[in-house]
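First the structure, in the form of structure tokens, and then the observations on it.
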Amino acid sequence: MTHSVSRSAAFPWLDGQPTHLPCESGDVMPSVLLPGDPDRVSKAAAVLDQVKEIGRRREFQMARGMWNDVPITVCSTGIGGPSTEIAVVELANLGMKRAIRVGGMGAIDPSMPLGSFLIVDTALRNTGTARVYDPSCEPIPASPEVVEALERAATILKLPFRKGSIHTTDSYYWGQERLARPGADPETLPTAGLMRRLTEAGAVGMDMECEALFAVGRALGSQVGAVLAVHGNRATDQWLEDYEETQHNLIRLAATAVSLLDAK
């Protein structure tokens with residue numbers, strides 16, 4: 001058996017190429033938008049100008065383009081903290097300075113309509129990946145300058161938004177007080193009452209990536225932020241079936257925030 005002499009198991013890149021992402025350093029701009037779903041990368045890139053599709057490997061789909069003459073890379077993270085960590089670490093080592101998650105969430109505030117946006121100012125502590133990078137129990141804040149730029153962008157574009165905290169979880173079903181079998185009794189869930197407790201703790205929604213992004217990105221010196229579209233409202237039991245326009249506006253909002261930050 002032959003062994004590579006140029007790859008370290010401690011940092012398993014080869015000739016400057018990342019282990020997982022389908023790109024090289026010139027493909028990663030200082031500002032990166034991070035959707036979860038790989039299929040949303042092409043949809044996000046379609047909003048930008050001068051788009052170049054970069055490639056796909058596993059859950060990581062990548063493209064880059066321009067918005068208001070500012071270069072932006074788009075890279076999917078897949079679902080959850082572990083794959084988000086991989087994307088953020090490799091992007092940071094390839095030149096990323098600012099990462100903004102552009103994803104969906106389940107609102108637990110009944111006043112948040114479907115298709116509106118949450119600009120995340122803090123992520124509550126709950127997931128395993130984030131604890132590796134920030135072992136404290138304190139909520140992890142987004143970078144204030146990113147939050148401010150997202151608020152300004154939403155105001156400029158006249159999009160419905162609010163600012164608030166997200167509860168990030170490693171679990172989509174029981175971990176978000178969902179049923180794992182149709183017709184099951186919600187009162188028998190081990191997480192019964194979770195949404196009420198989260199509301200009391202100040203959260204307005206749930207997602208699966210923000211806490212990891214904030215913990216890993218901040219540990220590596222990147223600016224971090226997130227803007228999430230309300231794809232479902234758990235308090236009102238509503239689900240957004242047609243979210244094409246919402247996704248389009250989500251990318252416009254985040255890209256406009258990037259251009260505002262770049263102008264500084």
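Cβ crowding within 10 Å ranks Tyr243, Tyr172 as Tyr172, Tyr243, fewest other Cβ atoms first.
Relative to the longest principal axis of the C-alpha atoms of the chain, give the angle of the C-alpha long axis of helix 144-157, reported between 0 and 90° and rounded to the nearest 10°. Helix 144-157 and the main axis of the chain meet at about 70 degrees. Whole-Hz Karplus values for region 98-108 come out as 8, 10, 10, 6, 10, x, x, 8, x, 6, 10 Hz, taken residue by residue from phi with 6.51 cos²θ - 1.76 cosθ + 1.60 and θ = phi - 60°; glycine and proline positions read x.
Residues Val70, Val132, Val102, ranked from the fewest to the most other C-beta atoms within 10 Å, line up as Val132, Val70, Val102. Distances between placed amide hydrogens fall under 5 Å for Ala226 paired with Arg101, Val120, all partners being 5 or more residues away or on another chain. What does the C-alpha gyration tensor say about the overall shape of the chain? Classify as rounded when a/c is under 1.5, otherwise prolate if a/b is larger than b/c, or oblate. It is oblate, given that a/c is not under 1.5 and a/b is not larger than b/c. Give the calculated FRET efficiency between Lys52 and Leu157 to the nearest 0.05, with a Förster radius of 25 Å applied to their Cβ-Cβ distance. With R0 = 25 Å, the Cβ-Cβ based efficiency is 0.50.
Working from Cα pairs under 8 Å separated by at least six residues, relative contact order for the chain is 25 percent. 3J(HN,Hα) couplings calculated from phi for region 81-97 with the Karplus curve 6.51 cos²θ - 1.76 cosθ + 1.60 (θ = phi - 60°) are, in sequence order, x, x, 6, 5, 4, 4, 4, 5, 4, 5, 5, 4, 7, 9, x, 5, 10 Hz; Gly and Pro show x. Measure out, as a whole number of angstrom, how far apart the alpha-carbon centroids of region 203-247 and region 9-29 sit. Each part's Cα centre sits 27 Å from the other's.
Each residue of region 66-71 was assigned a 3J(HN,Hα) from its phi angle through the Karplus curve 6.51 cos²θ - 1.76 cosθ + 1.60 (θ = phi - 60°); the sequence is 10, 9, 6, 6, 10, x Hz, with glycine and proline shown as x.
Select from Gly183, Gly225, Gly95 the residue whose mean-square fluctuation is largest in a Gaussian network model of the chain (Cα-Cα springs shorter than 10 Å). Looking only at Gly183, Gly225, Gly95, the biggest GNM fluctuation is shown by Gly183. Comparing mean-square fluctuations of Ala149, Ala212, Ala180 from a GNM of the chain with C-alpha springs under 10 Å, the top value falls on Ala180.
Rule-based calculations on the coordinates, nothing more; no lab input. These numbers were taken from a predicted model, which means no experiment stands behind them. We place every Cβ from the backbone using ideal geometry, glycine too, and count neighbours over all the protein chains shown.
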